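Everything on this sheet refers to the single structure shown next.
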Amino acid sequence: MAKENKAIEEKISDDPSSKIEAIKNLIFGENIAAYNSEFEQVKKDIATKKKELEDFIDDTRKELNQAIDNLSTDINIRITELEDNLADKADLLDSKKVDKKTLGDLLITLGEKISQK
């Protein structure tokens, strides 16, 4: 163990950036660990919130698609009812009204019958 520490000390003494890193670890070591812990917790919270938001978006998308499908079905039913109603009104109008050609043909036939007598 002493040999390992001595090797580390020699490595640190040879490299100035290692000295700075060692001093930084001595001064801020506990704070860095606390910050890392806090950052990890924040990352977990963000991941959790992201998942909740994605689930909420999926649920909302499903509800909107269902509402659109329901509205589309309702509109199709109403259009069909309107078409049927219009067809019924057209049939009723046709039955109440005499076609001009038919009326003309009947008048000609009536005129011919009158002129023959």
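Annotations
- Scan of region 32-88 for residues that are of a type in the set (A, V, I, L, M, F, W, C) and either in contact with a Ser or Thr (Cβ under 9 Å, 6 or more places away or on another chain) or within 30 Å of Glu21 (Cα to Cα) (or both), ordered by number: Ile32, Ala33, Ala34, Phe39, Val42
- From the options Ala67, Ala47, residue that is in a helix (DSSP H, G or I), aliphatic (A, V, I, L, M), within 17 Å of the chain's Cα centre (by Cα) and at pLDDT 95 or above: Ala67
- Considering residues of region 18-67 that are in contact with a helix residue (DSSP H, G or I) (Cβ under 9 Å, 6 or more places away or on another chain) and among the polar types (S, T, N, Q) only, the residue surrounded by the fewest Cβ atoms within 10 Å (Cβ to Cβ): Asn25
- Some residue of region 79-96 being out of contact with any Asp or Glu (no Cβ under 8 Å at 6 or more places or on another chain), part of a helix (DSSP H, G or I) and β-branched (Val, Ile, Thr): yes
The values are calculated or read from the model by the stated rules, or taken from the named source; none is laboratory data. As the structure is a computational prediction, the values presented were derived from the model and not from experiment. Glycine gets a Cβ as well: all are built from the backbone with ideal geometry, and neighbour counts include every protein chain shown.
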